[in-house]
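Report on one structure; see the data block that follows.
The values are calculated or read from the model by the stated rules, or taken from the named source; none is laboratory data. Just so we're clear, the structure is a prediction, and the values are computed from it rather than from any experiment. As a convention, Cβ positions derive from the backbone with ideal geometry for all residues, glycine included, and neighbour counts pool all protein chains shown. Note: areas computed on protein heavy atoms with side chains; ligands, DNA, RNA excluded. Shrake-Rupley method; radii C 1.70, N 1.55, O 1.52, S 1.80 Å.
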Amino acid sequence: MATLFDASFNASDSPLSADQLVAALEGHEVLVSSITDRIDADLLGRLPAGVRLIAQFGNGVDNIDVEAAYRAGLTVTNTPSVLTEDTADMAVMLMLALPRRLVEGAGVLLGDEAWPGWAPTWMLGRRLRGKSLGIVGLGRIGTAVAARARAFGLSIHYFARDRRPPALEEMLEATWWPDLDAMLGAVDIVSLHTPHTRDTYHILSGERLARMRKDAYVVNVSRPELIDEKALVAEIRSGHLSGAALDVVEHRHGINPDLLSLARENRVILTAHMASATLEARVEMGETVIVNIRTFMDGHQPPHRVLPDGRR
């Protein structure tokens, strides 16, 4: 960026406040934001007049009021495709680790007590092959997860607003469910791969979690807002659900202590937003940001422009 543009950087690796962002953007045309920057309508209304582009370093843009940015004449871009493979890998890793009690088993030899040795009924988990996987949102990442899951012998089911082309369904041997509630009651594992919008907030509500098959699992590498965490804790505590693997959790006011407690009891796996945390992904994200900026500054439509819902 410094080679191509007259760039200023936040070298602290911590989010700037709204006032600091406004001050830092004086004399600049582009804001390179990340998911930790809250760019709401109030902040957008205070931006210096010269700012024309918000180039998000990341796939999700729920930290940005895209509708307000559009109304203000600002262009918003993101870095979608470069995260697909790494995020799909993470989802399947969690899918494997959860029923096989991998995290719990990995800590046994490191504990204070001596391991007594193998026994036929010790550390029993659940087999993955033969189980059914329900994917909520069969976009790029959901499709990549489905392709990996088939190799482990899972049957593929998905819910999406629009049915995918027959060729894709045939390749994945995937079954489309137009009714999410019906799918939730028919699968053993539910994996979330949909963005956070007004329509998907708490898409796994307490009512829907209760509809899930007994002993089912939940995997989320997408957005924490998709799950009612309080209800999820209750369903696991009651024994209705066998567990959850979450790479994203609500943490604005501190991580839910009940979730942490379940993790310590090895009934939940928590990872720290690691799905795209590979060196390769971060480099490609940065390169995609630069491509979006360069294309925009050259007077063309950026390849990864984000528009409000319903606009094309």
* **Accessible surface of LEU260 - all protein chains present, 1.4 Å probe, nearest 10 Å²** => 50 Å²
* Build a GNM of the chain with springs between Cα atoms under 10 Å: which of GLY60, GLY125, GLY139 gets the top mean-square fluctuation? -> GLY125
* To do: Specify, per residue and in Å³, the volume enclosed by the convex hull of the alpha carbon atoms belonging to segment 49-136.
  => 170 Å³
* Asked: Most fluctuating residue of HIS193, HIS300, HIS240 in a GNM of the chain with Cα springs under 10 Å: which is it?
  -> HIS300
* Euclidean distance between Cα centres, segment 258-278 to segment 1-72, Å -> 30 Å
* Specify whether the C-alpha gyration tensor of segment 261-312 places it in the rounded, prolate or oblate class, a ≥ b ≥ c being the square roots of the eigenvalues: rounded for a/c under 1.5, otherwise prolate if a/b is larger than b/c and oblate if not. => oblate
* Asked: Which of the trypsin sites (Lys or Arg not before Pro) found in segment 182-213 are in a DSSP loop and have at most 16 neighbouring Cβ atoms, other than their own, within 10 Å?
  -> ARG198
* To do: Output the peptides 141-148, 27-34 sorted from most to least packed, where packing is the average of other Cβ atoms within 10 Å over each peptide's residues.
  => 141-148, 27-34
* Difference of contour (0.36 nm per residue) and Cα-Cα distance, GLU29 to SER12 -> 4.0 nm
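Ignoring any ligand, DNA or RNA, what whole percent of the accessible area of segment 191-312 comes from carbon and sulfur when the probe is 1.4 angstrom?
Carbon and sulfur: 50 percent of the exposed surface of segment 191-312.
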* To do: Give me the percent of DSSP beta bridges within the chain that run antiparallel, rounded to the nearest 5.
  => 5 percent
* Output ³J(HN,Hα) for segment 185-194: one whole-Hz value per residue in order, computed from phi by the Karplus curve 6.51 cos²θ - 1.76 cosθ + 1.60 with θ = phi - 60°, and x for Gly and Pro. => x, 10, 10, 8, 9, 10, 10, 9, 9, 10
* Hand me the chymotrypsin sites (Phe, Trp or Tyr not before Pro) from segment 166-243 located in a DSSP loop with no more than 15 other Cβ atoms within 10 Å, in residue order please. => TYR201
* Structure fact -> Comparing ASN292, ASN59, ASN256 in a Gaussian network model of the chain (Cα, 10 Å), the one with the largest mean-square fluctuation is ASN256
* Asked: Going 7 Å from the Cα of ARG126 in the Cα-to-Cβ direction, what parts of segment 147-166 have a backbone nitrogen less than 19 Å from that spot?
  -> 149-159
* Asked: Stokes-Einstein D for segment 173-281 at 10 °C, 1.306 mPa s, Kirkwood Rh over Cα pairs, in µm²/s?
  -> 110 µm²/s
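Net charge near ALA18: determine it from the other residues with C-beta under 13 Å of the C-beta of ALA18, scoring Lys and Arg +1 and Asp and Glu -1. Don't skip to the answer; put the middle values down first.
On the way: positive: ARG38, ARG46; negative: ASP19, ASP37, ASP40, ASP42, ASP65.
Summing Lys/Arg as +1 and Asp/Glu as -1 gives -3.
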* Under 12 Å from a label point 7 Å along Cα→Cβ of ARG46: give me every residue in segment 16-35 with its amide N that close. => 17-25
* Using the beta-carbon distance between ARG294 and ASP162 and R0 = 30 Å, what value does 1/(1 + (r/R0)^6) give for FRET efficiency, to the nearest 0.05? -> 0.40
* To do: Assuming a ≥ b ≥ c are the square roots of the Cα gyration tensor eigenvalues, decide whether segment 1-90 counts as rounded (a/c under 1.5), prolate (otherwise, with a/b larger than b/c) or oblate.
  => prolate
* Asked: What length, rounded to one decimal in nm, is gained on full extension from LEU110 through to PHE5, with 0.36 nm per residue of separation minus their alpha-carbon distance?
  -> 32.8 nm
* To do: Describe numerically, in nm with one decimal, the distance between label points set 7 Å from Cα along Cα→Cβ at GLU170 and at ALA147.
  => 1.8 nm
* Structure fact -> Using the Kirkwood radius over Cα pairs of the chain, the Stokes-Einstein translational diffusion coefficient at 10 °C and 1.306 mPa s, in µm²/s and rounded to a whole number, is 75 µm²/s
* Once you have a ≥ b ≥ c as the square roots of the Cα gyration tensor eigenvalues for segment 143-193, tell me rounded if a/c is under 1.5, and otherwise prolate or oblate according to whether a/b is larger than b/c. => oblate
* Asked: What does the charge count near PRO178 come to, summing +1 for each Lys or Arg and -1 for each Asp or Glu among other residues with Cβ under 11 Å from its Cβ?
  -> -1
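With every protein chain kept in the model, how would you rank PHE9, PHE152, PHE159 by accessible area, 1.4 Å probe, largest at the top? Present the calculation step by step, with values, prior to reporting the outcome.
On the way: PHE9 140, PHE152 80, PHE159 40 Å².
So the residues, ranked largest to smallest area, are PHE9, PHE152, PHE159.
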* When the chain is fully extended, how far beyond the present Cα-Cα distance does ARG264 get from VAL22, taking 0.36 nm per residue of separation? -> 83.0 nm
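When DSSP assigns beta bridges and you keep just the ones with both residues in segment 28-103, what percent turn out antiparallel, to the nearest 5?
Within segment 28-103, antiparallel bridges account for around 0 percent of the total.
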